[in-house]
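The values are calculated or read from the model by the stated rules, or taken from the named source; none is laboratory data. Model, not experiment: these values are computed from the prediction. FYI the Cβ positions are ideal-geometry reconstructions off the backbone, even for glycines, and counts take in every protein chain you see. What goes into the accessible areas is simple: the full protein's heavy atoms, side chains included, and nothing from ligands, DNA or RNA. Shrake-Rupley method; radii C 1.70, N 1.55, O 1.52, S 1.80 Å.
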There are 6 protein chains.
Amino acid sequence: MTADTSDDTDRLTRGQARLSEITGRSGEEVMAALGDVAPDFARYIFEFGYGDVYSRPGLDLRARMLATVAGLVCLGHAARELRVHIGSALNVGATREEVVEVIMQMALYAGFPAALDALMIAKEVFAARGLAAKAD
Amino acid sequence: MTADTSDDTDRLTRGQARLSEITGRSGEEVMAALGDVAPDFARYIFEFGYGDVYSRPGLDLRARMLATVAGLVCLGHAARELRVHIGSALNVGATREEVVEVIMQMALYAGFPAALDALMIAKEVFAARGLAAKAD
Amino acid sequence: MTADTSDDTDRLTRGQARLSEITGRSGEEVMAALGDVAPDFARYIFEFGYGDVYSRPGLDLRARMLATVAGLVCLGHAARELRVHIGSALNVGATREEVVEVIMQMALYAGFPAALDALMIAKEVFAARGLAAKAD
Amino acid sequence: MTADTSDDTDRLTRGQARLSEITGRSGEEVMAALGDVAPDFARYIFEFGYGDVYSRPGLDLRARMLATVAGLVCLGHAARELRVHIGSALNVGATREEVVEVIMQMALYAGFPAALDALMIAKEVFAARGLAAKAD
Amino acid sequence: MTADTSDDTDRLTRGQARLSEITGRSGEEVMAALGDVAPDFARYIFEFGYGDVYSRPGLDLRARMLATVAGLVCLGHAARELRVHIGSALNVGATREEVVEVIMQMALYAGFPAALDALMIAKEVFAARGLAAKAD
Amino acid sequence: MTADTSDDTDRLTRGQARLSEITGRSGEEVMAALGDVAPDFARYIFEFGYGDVYSRPGLDLRARMLATVAGLVCLGHAARELRVHIGSALNVGATREEVVEVIMQMALYAGFPAALDALMIAKEVFAARGLAAKAD
């Protein structure tokens, strides 16, 4: 087991920074959504999601976020999260084309409707960022 | 739309080669399983799955197969396919550590039981290949 | 097998009363939504859902509705039903805090996106009932 | 709402007969599996599943059971039930080829792994019934 | 394996015609939605979805589309696709009543919320087509 | 946000104790399964799953574990985890009857096959503990 002497303050601070780096959103935004219903859930997102899992070495962020996009397509119901993390994938260096490739590939595993819904979300994210239409 | 003048024979041949490159299995093995129940389904796997989708440019195979592992973890029920494609990920250059990272990360999206089941499958695949235990 | 001598009229009447007690909605409201497309489906909801299952002894309603909230979070796609039964849980004596605890706990099993979506729905239900924000 | 004056004894008797007609299994077999853990659940299967739903007019049994096979493929996790109802589809007049067509078609909606797993189950059911291999 | 000498142009043309026959939508509409994000995905829908799978003999279109409706109900998350294919089922000869029967039946396999959501979609599709309310 | 000054050692120790209290399994058993493939995943189970989430006040353990059973039934694919936590529910004071009630109730939300599979698992857990058959 990895020795981990960091205390919870470290995990929280590290997680909020990692959240911001990956998603482009601040911890304040997450807390604004959750603060009056489940503030500890925001804390778990920071500490466990970003401070623990997304702070791990062993895999580059671009591959991590493309994997997350793939996973969210296969869940089928995670439209909100998919929108965020298609953006995250672009933020950490994946191209528009790579995101589209991953989503299309998931049609093999989760079916065409899940992939089609995800492509419609990707289209919106790309448009909001002013990414030019695919030329082919 | 990409001009594609290839006929179906090309897709079948290209797909069987790609299947073999990625999974290490031959088209004959797939046909042996499916041939007496749904031979056309084997053909679709070759032509569409591997001849079309997995023959696309635009994303490297290592990122593709890590994304597939992620997607299969999130489906929850795809034990057979997960076993095959954890192997595929290793075949195309992903490391054991990278596969484990992707699976652990999916606990955030699909929950701990799906990730835990996938880690048990990964453990078997690694053992069958004589990959040494993680040292830490 | 439990002796059950009640006829269908009993199940229907008992079910509509139980539906009203749990959800705060009347059978008329359910029938208004379903009556011109599938009136028998409304009848099954009354007779089987509430007249049979939710009329069973053996578990108190508070634990039943917290379990239902947990189950609906794990389904992932059941936003409409989750909204109704977060309200039902409150109706039968669960506290706002208990509902939030159950939803957060499901992040372990269904992942963070499903739990986060459910918390956003809970927030709306709490607000509609004028339940004060969590103080901490 | 359909007037339904039948009492529960009617539903139970009708349901057990319908179960037997569709699945080829007797109510005794179902009760043998469930009787010492949840006998009322067996009763609900008889009364609601077969006495209510599968006793409805409005759709022929062959189309009903092919639809059930499709639905079970898309659930992904229902191997036991899929085995039973592939048999049911054959019992009520669907051909082996029709069952295979429905399963293959679901690859479009639920992905290839779910369809492939279902085809492997279908292969076993066909073999157990001595249905000859597809000739093509 | 079925000998299939058709080239990709055949599959594309056949698929677009089949799409139009089944869904009442033109290939242009599908391409309008996908063309600037993933035009090849539209091509796969035409070629593989409709040119391969939905062009197969061995099962009539009415049973095929009722099976698709059943499958989509069980996926739980496929609201967009369900709307399209409830329409497709009607287009190829299924009655309003048969569509409702299939959806209600899926409550047994996918639960009441998935079936209820599907019935609400069906109600909208029926209303848009001016199909009279169920009389009973 | 709850002030939480505990460091990670506290979370680990607290989590392993909580795991043992709830599941009756030791941290060593979990580590034996995961140690040579993903030891950090075992740590997350201890720290986050049991040290954070299952150590929260605000809901009694009996209601927590019944909710977990409900959630796992609705996931559909979590047989291994369901076996563990049917046991956990019994460990923390739920009765055999209450576990069965929760599982049967989930047939309304996740369908009969998921509930039936869970009842078969419950039957095995009850038998392994020598719990007498239901008398009715």
Q: Considering only D:Asp52, D:Asp36, D:Asp117, give the residue with the highest GNM mean-square fluctuation for chain D, with springs between Cα atoms whenever their separation is below 10 Å.
A: D:Asp36
**Q.** Highest-fluctuation residue, E:Gly15, E:Gly27, E:Gly111 considered, GNM on chain E with Cα pairs under 10 Å
**A.** E:Gly111
Q | Amide H within-cut-off set for D:Gly111, under 5 Å, with H built and near neighbours excluded | A | A:Gly111, A:Phe112
**Q.** Nearest residue to the symmetry axis between D and F, taken on chain D by its Cβ, in whole Å
**A.** D:His77, 3
Q.
Please report, for C:Pro39, the nm distances (one decimal) from its label point, 7 Å out from Cα along the beta-carbon direction, to the equivalent points in the remaining copies, shortest first.
A. 3.7, 5.3, 5.3, 5.4, 6.8
Q: Evaluate E = 1/(1 + (r/R0)^6) for C:Ser55 and A:Asp60, where r is the Cβ-Cβ distance and R0 equals 51 Å; express this FRET efficiency to the nearest 0.05.
A: 0.35
Q.
Relative contact order of the stretch B:1-56, please, whole-number percent, based on alpha carbon pairs below 8 angstrom and at least 6 residues apart.
A. 49 percent
Q | Lysine pairs meeting the criterion (Cα under 12 Å, 8 or more apart or interchain), as found in the protein assembly as shown | A | 6
(Q) Give me P(r) over the stretch A:1-56, computed from all C-alpha to C-alpha distances, binned every 5 Å, as integer percentages. (A) 5, 22, 30, 23, 12, 5, 2, 0
Q | Over chain A, relative contact order from alpha-carbon pairs under 8 Å, at least 6 apart, % | A | 22 percent
Q) From the label point of B:Ala79, set 7 Å along Cα to the beta carbon, how far off in nm is each other copy's matching point, shortest first? A) 0.5, 0.5, 3.4, 3.4, 3.4
Q) With chain C treated as a Gaussian network of Cα nodes joined by springs under 10 Å, which of C:Leu116, C:Leu72, C:Leu108 yields the largest mean-square fluctuation? A) C:Leu108
Q.
At 7 angstrom along the Cα-to-beta-carbon line, where would the label on F:Glu97 sit relative to the other copies? Give the distances in nm, shortest first.
A. 3.0, 4.4, 5.6, 5.6, 6.6
(Q) At a probe of 1.4 Å, how much accessible area disappears from chains B and A on forming the pair, both sides counted, to the nearest 100 Å²? (A) 2900 Å²
**Q.** Share of carbon and sulfur in the accessible heavy-atom surface of the protein assembly as shown [1.4 Å probe, %]
**A.** 53 percent
Q) Where the Cα atoms of chain D are projected onto their three principal axes, how long is each span, largest first, in whole Å? A) 51, 36, 27
Q: Using Cα centres only, tell me the gap between the stretch C:34-91 and the stretch B:73-92 in whole Å.
A: 36 Å
Q: Please say if the protein assembly as shown is rounded, prolate or oblate, where rounded means a/c under 1.5 for a ≥ b ≥ c the square roots of the C-alpha gyration tensor eigenvalues, and otherwise the choice is prolate for a/b larger than b/c and oblate otherwise?
A: rounded
Q | Neighbouring partner chain Cβ atoms per residue of E:85-91, average, 10 Å criterion | A | 0
Q: Within 10 Å of each Cβ in peptide B:57-68, how many partner chain Cβ atoms are there on average? Round it to a whole number, please.
A: 6
Q | Per-residue average of Cβ from other chains inside 10 Å of A:42-53 | A | 5
Q) Given Cα pairs under 8 Å that are at least 6 residues apart, what percent is the relative contact order of the stretch F:83-136? A) 36 percent
**Q.** Global form of the stretch D:28-81, assessed from the alpha-carbon gyration tensor, a/c cut-off 1.5
**A.** oblate
**Q.** Theoretical ellipticity at 222 nm over chain A - DSSP helices of four or more residues, -39500 (n - 2.57) apiece, nearest 500
**A.** -21000 deg cm²/dmol
